[in-house]
Amino acid sequence: MLTAPTAAGQDAADPRGGTGGTPPDRPQGRRIRRPPHRPRSGPRRVLAALWPYLLVSPTVVGAAFLLAYPVIRNTVMSFQHYGLAQLINGGATFAGVSHYREALTDPEFWTVVRRTVWWTALNVALIMLIGTLVALMLIRLGRRLRLAVMSALVLAWATPVIAATTIFQWLFQSRFGVVNWALVKLGFTSYRDYTWFAHGGATFAILVMLVVWQSVPFAALTLYGGLTTIPAELYESARIDGAGPWQSFRLVTFPMLRSLFALITSLEVIWCFKCFTQIWVIGEGGPDGATTTLPVYAFQIAQSFHKYDLGSAVSTLTVLILLVALVFNLRRMFRQEGKEGTA
Amino acid sequence: MTAATPLAAPGSGSGSGSGSARRRARGRTRRLRRLPLNAAALLVLALSAFPVYWMAVTAFEPTADIEGANPHFLPLHPTLAHFRTAVHADGFAGYWRNSLVVTLGAVLMSLVVALLAAFAVARMRWRGRRAFVLLVFTAQMAPWEALLIPMYVIARDTDMLDRLSMLTLIYFMMTLPFTIVTLRGFLAAIPVELEEAARVDGCTRPQAFRRVTFPLLAPGLLSTSLFGFITAWNEFAFANTLIIKNQSARTLPVWLSSFSNVFGTDWGATMAASCLFMLPVLAVFLLLQNRVTAGMTAGAVKG
Amino acid sequence: MRSRSRLLPGAAALLIGLTGLTACGSSSGSGAGDDAGPAHLTVWIMRDSVADPVLNAFRADFEKAHKGTTLDIQIQEWDGIGQKITSALASNDAPDVIEVGNTQVAQYAASGGVDDLTGKVADLHGSDWIPGLADPGKIDGKQYGIPWYAANRVVIYNKDLFAQAGITAAPKTRAEWIADTTKLNTGAHQGIYLPGQSWYAYAGFLWDEGGELATQSGGKWTGGLDTPQAQAATAFYRQLQALGQGPKDSDEAKPLQTNVFAKGNVAQIIATPGNATTITAANPKLKGKIGYFPIPGKTADRPGAVFTGGSDLVIPQASKHQAMAYQVLKALTGTTWQTKIATTMSYVPNRTSLAGVLSGDPGASAMAVGAADGHATPNSPNWAAVEADNPIKQYLTQVLTGADPAKAGTTASDAITKALNTSS
């Protein structure tokens, strides 16, 4: 089921590309033997051609009402004067691009953008690095220890975000928190009653720890799953060729799991970039805005200052930035879609 | 892309199995060399489990011990007092039920809808398929927190405020894209030849799907529902905004956050509340995890 | 085909469900139905405002007087309240009466989501409302917020702990206060529990120094935390805060400082006298052991300046029981319940003519001393936006944890300036 490294020259639109079920209505695309005793009459063929559309229609309808429509409302709002009075009584008027101009010329917006990029990059890098190391470790472990470590990972993964955030607040609590106690015991006496959540840098670091702690299990377990599909013979022959551990990772593991790495990385980029609940619950983007990322910023503008219009503009910009960041990945996927069924 | 399966990487077969056999043969010096590896494993284990463990310890400890000079790593005088505080905080049972109803509703809906779409994407070829997949992936980027206000306005104008059904619909949509992507990966992993063979044996296409593919897909469905369960069970912002006047329609995350406002200093009660909040997720996880791994080897026919 | 027939209805049901979603008609509009008949009313009261027993008594009394009407009194948390009230005002079926802090009422009055009660002022005896509550509820000559009660902060102390420390008279100056608190602050007992973000208390110290949170000139606001006065106030706040274990990064609501005081090992907190009711409810053993004194000023002849706090009541336009909601509001602001609330909670009643009911109340008399130098937050509808993401709290935490007061003060001042000068 793992997508092998893209074979060159295979056209994206090539319908022969896979075993993924040739549609009954396109005989020219047949490569696989289909049950021969199944003659189709005209109307049935039309019905068969309609099937895929029927199957995706609930998704399309749901997304139209519950996703596309709110997004459109949001975009419209960003071009209107939309404050508390308009929320309550309606009557929003057209504002043109003034909110976009306001956001883009505010130096604070750019500070937040830089912080968001740094936040996402740091988290994703740590998650991928640790996730990969843990996966490589897991596959080398004995059965019992591996099961134990996997269970612990699942435990971290299963912890609900709000609960995890509360737990971290408790771990780093200034007076009775176990972290300060341990640090003092280790001789760092300056950490006695240290208030972590009063310092921007410290709060940022704790949030990174929290997000990494919660995200590594997904990356590690998925990568471990991928590793188990790599035939041992490949490593064997790499070793015979004199490859060390790093080389065999570079020459065997990574190429084999390239698409899995790409997928996990882009999912993590999305998740870290959008991360909101943890940041909001810990300090509402504070202290002093040190943990305000774009989603938090947009939420603050809308909810605290009742500038729903400006908030919408910022969140629209947020989505655009994320799209640009992932456009290469999307393009790659789009191309790959043509030749699905690499199973 | 097709590998979007979190728990389900199939085919444990060759790699690890023969590896361990090989290792066993290498004798004692190997064991020494494995020491750093095992130490690393223990470290990962400790770091992963400690926060949750600490939550449990705190929840069972009397306040005097919690606020003592030195923390205890085992509850010396275990007590259920904090759990009593948490359960007796007003409305707990109702909020629990609300969360369960909303979560299960959203997960079931999204599984059914996603299965249809995933089937169309993985097994059929049609115009617009690529665009559809791309849109599904893009939908994962949906900035949900930014949609609070438009969603609020829409809910208000359709008289859906203060209703659990609105939350269910939103959570359904939040989990749908990921569910489609994941299920599609699972489906792609099941060789279509199996279905075709069944059809040669005289099954109709839906019958073939139901009798052959669906059983193989079951573990995938379960593990995918896990993700949806967590997402919906956790959701805070919409639950906090769309349930306004009807307080009995609150869900657990909102309850937990207001609980920590009121009982902020009472870390024991707060941790007990967190335990109670986490329990169902953990239960579902453990329940499904077993089936998923068991089904995984069975599903790995293609090797 | 069997499973097709099983799949299809599901999909169809979903489609119907989703389209039904939009078809359920948009019954927006204010829904200002004036049904005076039996109804189920929702009243929002803030956490730590009027104590539960009083509210329960009011509910029983009101339900008896209005047969068939039921009251659902819901306690709201301060955290995120702005967002909550906003969503309520904008909804189609809002709570019927909402308590709003007097620093925030201007914003909602200006929003257009609240009933204009100008015509009812006479009926509510508005001629002698106390201005600190009536003015913020009034925009362009129209009365939206109806004064409910006022209060200012005093020092609530534990008589036992004071006696143990040998303190016989309440401190009159800051110097005496620090000396006494230092004496009270033993290992087992906290001299004072002052959370790092008690910005109302800080504002008092700031006014003592002659400073302001923000000043207005030529229609433009300027934050005042970058001034020498602010630094002097901060220095005192810091000195006092260190004489206990108040968290540096939290306010008095998280955790509730009354709960902390109720444990019995805290000698003093800065709070409105009414909080004594909450304290004794949490720990009945402290009954009769709670005393009050005015916040000491810099010199003995002048008590510390205080923030005049309090609450107004508003009726959302989206309330579906306008007439009955008005009855609730009228009862809560009328003589009977004003007297009961004032005497049990030691709050200042909403009318000057009722002030007599507090004579002999120790908490109220301590409050009255401070009230002589009562101050308000900057009078702007935007002030609520300042509180929503409060730069003063962040400033205090920064300074208490070692940041440079001048630098932190400039940051906070800029934030206040920016928030107050936004046009909405």
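Laboratory data are not the source of any read-out in this text; all were calculated from the coordinates shown. All figures in this text were calculated on a predicted structure; none of them were measured in a lab. All Cβ positions, even for glycine, are placed from backbone atoms using ideal geometry, and neighbour counts span all protein chains on display.
Points worth noting:
- Cross-link reach list, lysines versus C:Lys254, counting only Cα pairs under 21 Å and skipping chain neighbours closer than eight places: C:Lys84, C:Lys263, C:Lys393
- Overall form of the range A:99-337 per C-alpha gyration tensor (a/c, 1.5; a/b vs b/c): oblate
- Share, in percent, of DSSP beta bridges within the protein assembly as shown that are antiparallel, nearest 5: 70
- For the range B:37-79, the ratio of Cα radius of gyration to the globular rule of thumb 2.2 N^0.38 Å stands at 1.39.
- With the largest listed first and rounded to whole Å, the semi-axes of the equivalent ellipsoid of the range C:380-421 from the Cα gyration tensor are 21, 10, 5.
- Residue order, fewest to most surrounding Cβ atoms within 10 angstrom, among B:Cys203, A:Cys275: B:Cys203, A:Cys275
- All alpha carbon pair distances within the range C:191-254 were sorted into 5 Å bins beginning at 0; the resulting P(r) in whole percents reads 4, 18, 25, 21, 16, 9, 4, 2, 1.
- Placing one equal scatterer on every Cα of the range A:222-343 and applying the Debye formula, the log10 ratio I(q)/I(0) at q = 0.12, 0.14, 0.20 Å⁻¹ is -0.68, -0.79, -1.08.
- Mean partner shielding of peptide A:140-150, defined as the number of other chain Cβ atoms within 10 Å of each residue Cβ, is 5.
- Å³ per residue enclosed by the Cα convex hull of the range C:113-245: 181
- Mean Cα-pair separation over length for the range A:99-337, i.e. relative contact order, pairs under 8 Å, 6 or more apart, %: 28
- Based on C-alpha pairs under 8 angstrom that are at least 6 apart in sequence, the range A:233-343 has a relative contact order of 16 percent.
- Against the compact-protein benchmark of 2.2 N^0.38 Å, the Cα-based radius of gyration of the protein assembly as shown scales to 1.02.
- Where the Cα pairs of the range B:126-176 fall when distances are cut into 5 Å bins, in %: 4, 17, 22, 20, 14, 11, 8, 3, 0
- Summary of packing: across the peptides C:87-93, C:194-200, the per-residue average of other C-beta atoms within 10 Å ranks them, highest first, as C:194-200, C:87-93.
- Exercise: per-residue mean of other protein chain Cβ atoms within 10 Å, C:90-96: 6
- When both the range C:136-187 and the range B:54-77 are represented by their alpha-carbon centers, they are found 35 Å apart.
- Projected area averaged over orientations for the range B:90-238, convex hull of C-alpha atoms, nm²: 10.7
- Extents of the range C:179-288, taken as max minus min of Cα coordinates on every principal axis and listed largest first, are 55, 27, 24 Å.
- Amide H contacts for C:Leu41 (H built 1.01 Å from N in the peptide plane; partners 5 or more residues away or on another chain; cut-off under 5 Å): C:Thr70, C:Leu71, C:Asp72.
- At q = 0.15, 0.20, 0.22, 0.27 Å⁻¹, base-10 log of I(q)/I(0) for the range C:57-133 (Debye sum, equal scatterers on each alpha carbon): -0.74, -1.19, -1.26, -1.26
- Under the Debye formula (equal points on every Cα, no solvent term), log10 I(q)/I(0) of chain C at q = 0.07, 0.14 Å⁻¹: -0.38, -1.30
- Legend: ranking of residues B:Val57, A:Val216, A:Val60 from fewest to most surrounding C-beta atoms inside 10 Å; resulting order A:Val60, B:Val57, A:Val216.
- Peptides A:189-202, B:215-228 ranked from most to least packed, by the mean per-residue count of other Cβ atoms within 10 Å: B:215-228, A:189-202.
- Using C-alpha pairs below 8 Å separated by at least 6 residues, the relative contact order for chain C is 26 percent.
- Averaged over the residues of C:406-419, the number of partner chain Cβ atoms lying within 10 Å of the residue Cβ comes to 1.
- Mean Cβ count within 10 Å, highest first, over the residues of peptides A:161-169, C:111-119: A:161-169, C:111-119
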